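No lab work stands behind these numbers, since they all come straight from the coordinates. Source: prediction; values computed, not measured. For neighbour counting, all protein chains shown are included, and Cβ atoms are generated from backbone atoms with ideal geometry for every residue, glycine included.
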Amino acid sequence: MDYVTFGRTGMSVSSIGLGTGGASRLGMGGGADERQAVEVIHRALELGITYFDTAKGYGTEAVVGDGLRGSRENIVLSTKAYASRDDGTLLSAAQFREEIEDSLRLLRTEMIDVYHLHRLALSEYDYAISEIFPVLERCREEGKIRFFGVSESTSQDADHAMLARAAAEGDFDVIMTGFNLFNQGARTRVFPDTIRNNIAVEIMGAARGPYSNPELLRAAVRQLIADGKLVHDSVDPRDPLGFLVGPGHAATLAEASYRLARYEPGVHVVLVGTGDVDHLEQNILSMQRGPLPDDDLDLVRERFGHLRVTRG
Ligand SMILES: NC(=O)c1ccc[n+]([C@@H]2O[C@H](COP(=O)([O-])OP(=O)(O)OC[C@H]3O[C@@H](n4cnc5c(N)ncnc54)[C@H](OP(=O)(O)O)[C@@H]3O)[C@@H](O)[C@H]2O)c1
């Protein structure tokens, strides 16, 4: 396992983090029980993973708390809460404070290393700074939170408007962004400023859906061609990423996707969301194979760099 300095937090973290949300939710999204989910966490610890991401909204904080029992001191723990309810009502400072206290209780910890505002919208940004930041600062003074983070909504903010502001203004220590084969927008919209401000960057959704499943990939490419977003001549719809996979290239589509994210300049941690320990092991090995070959990267940028696909 590689370890990196997590931007201006100064913490050392594994370059691969275990994500406990997404479709997988440690396998529980596909029917696994909590015992099996804890096994995934234990295997991640054995493999040297020290970064674990959860959220109030995933319903996995309690299981993460269980899985990390006895290992907490070597771990960097990340969680999140929304600044607004589903109906758009913004949380008051007191309500947000309750979210933090709930997370501490569910995670069975006295301190959260990175507390994110979850899927913050650009329209909520000013409110977050004026009303939520004082709560975060109070919790930091009380030793309950170490660093502040923010994650975007990949479906509602595919062009990274909120994170472009967060990166430029430097309010947060950590940001979580979508970056994948069909949305490489953060390279120009976000990373130049996170690098300038030494903000730690986590990648979510690098291999979800079409980026690890060839069937879904073909369907996504057919749709992009039909929508006029991909030029037919530039891709083979039967095997659109065939040029990335094979001898001298990545071994699988998932490997190509994770290597693309892991070696993008400015990225610190790639989150892997899985309920399958074999996938976890494969993904760690994949990312140890280094950056994609230069010619492959050039093609990925040339053919797909203009896309802003909202969700895998
Ligand atoms: N806005 C936000 O704040 C936000 C949004 C999304 C995600 N996140 C965070 O980011 C984490 C990662 O995102 P993600 O869940 O989309 O994860 P991801 O790692 O990009 O994709 C996970 C999907 O890929 C599959 N997969 C993983 N490795 C594979 C392999 N080697 N071969 C084939 N399929 C493979 C998984 O299925 P298996 O279970 O079968 O392996 C799962 O369906 C989340 O868990 C969460 O912590 C945050």
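Quick look at the numbers
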read-out	value
Built amide H within the under 5 Å cut-off of VAL270, gap 5+	ILE16, GLY17, ILE203
Neighbourhood net charge (11 Å Cβ-Cβ; Lys/Arg +1, Asp/Glu -1) for ALA32	-2
Mean Kyte hydropathy of -0.5 or more with a Cα span along the axis of at least 20 Å, helices from DSSP in the chain	93-107
Long-range HN-HN contacts of PHE147 with modeled amide H, under 5 Å	VAL114, TYR115
Three principal axis lengths of the range 62-185 [C-alpha, angstrom, descending]	40, 35, 28
Proxy reagent accessibility, fewest Cβ within 10 Å first, across ILE49, ILE16, ILE195	ILE195, ILE49, ILE16
Distance in nm between pseudo-label sites at ASP86 and ARG140 (7 Å out along the Cβ direction from Cα)	3.3
Principal semi-axes in Å for the chain [√(5λ), Cα gyration tensor, largest first]	31, 22, 18
Choice from MET111, MET176, MET11 with maximal GNM fluctuation in the chain (Cα, 10 Å cutoff)	MET11
Dipole in debye (nearest 20) - the chain, about Cα centre, beta carbon charges: Lys, Arg +1; Asp, Glu -1	140
Charge-dipole axis of the chain as Lys and Arg at +1 and Asp and Glu at -1 on Cβ define it, positive-most pick from PRO240, SER155, SER212	PRO240
For the chain, built as a Gaussian network whose Cα springs stay under 10 Å, the top-fluctuating residue of THR154, THR252, THR20	THR252
Length gained when the stretch ALA94-GLN156 is fully extended (0.36 nm per residue, less Cα-Cα span)	19.6 nm
Counted charge near ALA167, where neighbours are those whose Cβ lies closer than 15 Å (Asp, Glu -1; Lys, Arg +1)	-4
Farthest toward positive dipole pole in the chain [+1 Lys/Arg, -1 Asp/Glu at C-beta], among LEU68, ALA55, SER123	SER123
Listed residues GLY170, GLY185, GLY149, most fluctuating in the chain (Gaussian network, C-alpha, under 10 Å)	GLY170
Cα-centre dipole for the range 25-122 with unit charges at Cβ (Lys and Arg positive, Asp and Glu negative), debye to 20	100
Helical contribution to [θ] at 222 nm, DSSP H n ≥ 4, -39,500 (n - 2.57), averaged over the chain, rounded to 500	-10000 deg cm²/dmol
Dipole axis of the chain (+1 Lys, Arg; -1 Asp, Glu on Cβ), positive-most option in GLN95, VAL231, ILE145	VAL231
Gap separating the Cα centres of the range 230-257 and the range 85-115, nearest whole Å	42
